[in-house]
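K.L.:
Have a look at this one before I ask anything.
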Amino acid sequence: MVESVEEQDTRAVLQISSFINGYGPTIGLQQFDYILGVDGTPFRGTAKQFNALFAYEDEEEAAAHADETWILTVKRDQAAFNISVTQSLGAKLDEVDADAHPMSENDLAMLTAATRSGLIEYMVFHDMQKNAELVDRSKSLLAMVCPPFWFLNQRMPEAALASILSFFVALTVHWILGVVFYLILCIYSGREQGNMLIAFMSFRKFIYLQTIMAENELSAQRTVLSLDSEMFFKAPVAGLEQPRRRKKKRPPIGA
């Protein structure tokens, strides 16, 4: 549990100075990010107090909390975002004067969002031209029941086409083989849907950026644009405002 504001040292806000292991960078944290809050509660305390949130007295207590997650509200430059963590960040934290870093309205709104139930974890990917894509890490029933439609819903037409063709080939050989193939496809897609999405992003040569927690895809896309205004969603959610990209002029022939 996060200490109340009165129990914390209200003079300090924590800033990441470096990483001891790879966990922080793996989830997308960067050097000089600020920790604004934990589970929607503003955090103003020491690095020791912060690390104590993830420490357990013995292995039995650690095993009992193995599936526990915390929502950190983080600020990078002028943008804030929420991120899910399951263990200590493995980072060295500097204690910075909180008065020099007052919270903005956007920071407070992001803290409030961290307290809401049903937050979705999105993985953010982009290509070399900074065309961005989101991968929803939550389990989908559609992937377990009708994988081809799930592939299409996740914008993986190649996987949808391959699964349909494979099913009909197996069905042509024998109807039992077709049924067995479809059942195996459903089981595999249901269990490995997250890994399949990540593999498809790698196939498309997209680069992993980080994870964020958001209420819906629109909120997630807005957060990504606030972190990097050069990002561009080719499949924006209704309601997203992003500047149109100018087409690059081709150099004249012979230039």
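The values are calculated or read from the model by the stated rules, or taken from the named source; none is laboratory data. Note that the coordinates shown come from a computational prediction; the quantities given were computed from them, not determined experimentally. Ideal geometry is used to build each Cβ from the backbone, glycine not excepted, and the neighbour counts take in all protein chains shown. SASA here: full protein model, heavy atoms, side chains in, ligands and nucleic acids out. Shrake-Rupley method; radii C 1.70, N 1.55, O 1.52, S 1.80 Å.
K.L.:
Translational D (Stokes-Einstein, µm²/s) of the range 156-255 at 20 °C and 1.002 mPa s when Rh comes from the Kirkwood sum over C-alpha pairs?
P.N.:
The estimated diffusion coefficient comes to 122 µm²/s.
K.L.:
Helix hunt in the chain: which complete DSSP H runs extend at least 18 Å axially by C-alpha with mean Kyte-Doolittle at least 0.5?
P.N.:
157-173, 175-203
K.L.:
Which of Gln221, Gln78, Gln210 moves most in a GNM of the chain, Cα contacts under 10 Å?
P.N.:
Of Gln221, Gln78, Gln210, the Gaussian network model singles out Gln78 as fluctuating most.
K.L.:
Points 7 angstrom from Cα along the Cβ direction at Gln129 and Leu108: gap in nanometres?
P.N.:
Spacing of the two 7 Å Cα→Cβ label points: 4.2 nm.
K.L.:
Out of the total accessible area of the chain (probe 1.4 Å, heavy atoms of protein only), what percent is carbon and sulfur?
P.N.:
Carbon-and-sulfur percentage of accessible area, whole number: 57.
K.L.:
While we're looking at this one, here's another question. Need one number: nm distance between label points at Asn153 and Asp94, each 7 Å from Cα along Cα→Cβ, rounded to one decimal.
P.N.:
Placing both labels 7 Å beyond Cα along the Cβ direction yields 4.6 nm.
K.L.:
For a Förster distance of 45 Å, can you work out the FRET efficiency between the beta-carbons of Val237 and His101, rounded to the nearest 0.05? It would help to have the intermediate numbers written out before the result.
P.N.:
Values: r = 31 Å, r/R0 = 0.70.
Plugging the Cβ-Cβ distance into 1/(1 + (r/R0)^6) gives 0.90.
K.L.:
Sticking with this structure for a sec: Compute the accessible area per residue over the chain, keeping the other protein chains in place, probe 1.4 Å, unit Å².
P.N.:
60 Å²
K.L.:
Taking the chain as a Gaussian network, where each spring joins two C-alpha atoms under 10 Å apart, which residue of Met128, Met231, Met196 fluctuates the most?
P.N.:
Looking only at Met128, Met231, Met196, the biggest GNM fluctuation is shown by Met128.
K.L.:
Add -39500 (n - 2.57) for each DSSP H run of 4 or more in the chain, then divide by its residues: what number comes out at 222 nm, to the nearest 500 deg cm²/dmol?
P.N.:
-11000 deg cm²/dmol
K.L.:
Oh, and also: For the chain, modelled as a Gaussian network with Cα springs under 10 Å, which listed residue fluctuates most, Glu121, Glu68, Glu215?
P.N.:
Comparing Glu121, Glu68, Glu215 in a Gaussian network model of the chain, the most mobile one is Glu68.
K.L.:
If you compute percent of Cα pairs over 28 Å apart for the structure shown, which of (1) 32; (2) 54; (3) 46 do you land on?
P.N.:
(3)
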